[in-house]
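The values are calculated or read from the model by the stated rules, or taken from the named source; none is laboratory data. If you're wondering where the values come from, they're calculated on a predicted model, not measured in any experiment. As a convention, Cβ positions derive from the backbone with ideal geometry for all residues, glycine included, and neighbour counts pool all protein chains shown.
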Amino acid sequence: MVAEYQELVKKSQAIIISKYGGMTMPQLDKVRTTVRASKGEFHVTKNTLLLKVLSESGYKVPETWLKGQTGVAFAFADPSGTAKVVGDLSKEFEPFKTIGGVLSGVVIEPAKVAALAAMPPIETIRAQIIGAISGPASNLVGVLNSAVGSLMYALQARVDKEQAAPAA
């Protein structure tokens, strides 16, 4: 189990720790399925083993986070997407509560997990960055095309004027 936890921690971009005491198996299955759809995994964990793996990985989470019935969502692709799913599930199932997490090696409190959940998905952020980069380039191309077009019209007018002058 330690090796499995080490592998999950190593390939995770974020880890979200939750309490699930009082949930039914169908509810836990929904949590697993929904987290999996967000490109993550949800595991009911052995607290002592997870604490050992997190400590060995350099993550100093409070020991109180790993007491009682603990489940962990591992976000492999989109930390904000997985955090949003976990946050939505905690609203749907009263016993399911987020108690903290780890993002890019930094231990974060529940409020920061909620802030992470409020961020747009990674695909949206990428599209915004590409738009911000390509917007000025597109504008520059338009300005250059306009300038070249104006120059061509001016030269054509001059040529037309020169051709009309000898004929008169």
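Quick rundown of the values:
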quantity	calculated
Residues satisfying the stated conditions in the range 55-78, i.e. in contact with a Leu (Cβ under 6 Å, 6 or more places away or on another chain) and either not β-branched (Val, Ile, Thr) or not assigned by TED's automatic domain parsing to the domain that holds residue 30 (or both)	66, 74
Considering residues of the range 17-48 that are exposed (fewer than 12 other Cβ atoms within 10 Å of the Cβ) and over 16 Å from residue 93 (Cβ atoms) only, the residue farthest from the chain's Cα centre (by Cα)	48
Complete set of residues in the range 1-16 that are outside any helix (DSSP H, G or I) and exposed (fewer than 12 other Cβ atoms within 10 Å of the Cβ)	1
Search result, residues across the range 103-135 that are at pLDDT below 75 and either exposed (fewer than 10 other Cβ atoms within 10 Å of the Cβ) or outside any helix (DSSP H, G or I) (or both)	120, 121
Criterion: closer than 10 Å to residue 16 by Cβ and in contact (Cβ under 8 Å) with a residue 12 or more places away in the chain - qualifying residue of 53, 85, 61, 107	85
